1. When the Karplus curve 6.51 cos²θ - 1.76 cosθ + 1.60 is applied with θ = phi - 60°, which whole-Hz ³J(HN,Hα) does each residue of region 10-24 get, with x for Gly and Pro?
2. May I ask you to derive the FRET efficiency for Asn122 and Met43 from their Cβ-Cβ distance with R0 = 45 Å, giving the value to the nearest 0.05?
3. Compute, for Met43, the solvent-accessible surface of its heavy atoms (probe 1.4 Å) with the complete set of protein chains present, and express it in square angstrom to the nearest 10.
4. In square nanometres, what is the average projected area of the Cα convex hull of the chain?
5. Once the piece of chain linking Gln149 and Arg88 is laid out straight, how much longer is it, given 0.36 nm per residue of separation minus the C-alpha distance between them?
6. Share of region 1-53's accessible area from carbon and sulfur, percent, 1.4 Å?
7. Quick one: what are the phi-derived ³J(HN,Hα) couplings along region 122-139, Karplus 6.51/-1.76/1.60 with θ = phi - 60°, whole Hz, x for glycine and proline?
8. Kirkwood hydrodynamic radius (Cα pairs, Å) of region 1-85?
Amino acid sequence: MASYYVESQSKACYKLNGFNWRSVLFGYLRVWLPLIAAIALLMTYAGDGSLLVGAVAALSIAAFVSTYIYDKKSREQDVAKLREMMQRHFGVAIDPFACLDNLQAEIDQKSQAGTTESLEANWYKSAIKDAFASKQTQELALLRARCDQQDQPLQQQVMDKIARAA
């Protein structure tokens, strides 16, 4: 019914904006492929298996491993960098743009930490343009800007800044 990002270490769960068919497909494949491989291997060792059953086992194992390799390789480099930033600051490797549970309050709170001054409403928009802002402030500003999903020019500005940082 919905797609979720679940962090394996912290067990944090975030509902995503929309349905991710690749995630659903890989979820099912990662359960059924090892089961198919195990059954085929048992049939082969029991003497009931033919070359075809051995091939099914080998293909199932290869497809299972491929789901992990393809998943990592298919991510866009810019989104991967945003996910790395989230991992570094919040312990969760998710792009705030993809998250239905808006992360803006958490990002604002982290930006506010260590200062007694209150944040301006759009602090992140000016921080993105500030060439003298600290790396942490820049990263938090980029992450916070990703929460403004309806602001397409801002999203383009964030992705351009991420691409230039590469």
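The values are calculated or read from the model by the stated rules, or taken from the named source; none is laboratory data. Values in this document were obtained by computation on a predicted structure and should not be read as measured data. We place every Cβ from the backbone using ideal geometry, glycine too, and count neighbours over all the protein chains shown. Just so you know, the surface numbers come from the protein's heavy atoms only, side chains and all, with ligands and any DNA or RNA stripped out. Shrake-Rupley method; radii C 1.70, N 1.55, O 1.52, S 1.80 Å.
1. 8, 6, 5, 10, 10, 7, 8, 6, x, 9, 9, 4, 5, 5, 5
2. The value I calculate is 0.10.
3. Rounded to the nearest 10, that gives 80 Å².
4. 12.5 nm²
5. 19.8 nm
6. Ligands and nucleic acids excluded, carbon and sulfur reach 68 percent.
7. Karplus values, whole Hz, x for Gly and Pro: 10, 4, 5, 5, 6, 5, 5, 7, 6, 5, 9, 5, 5, 4, 4, 4, 4, 5.
8. 15.1 Å
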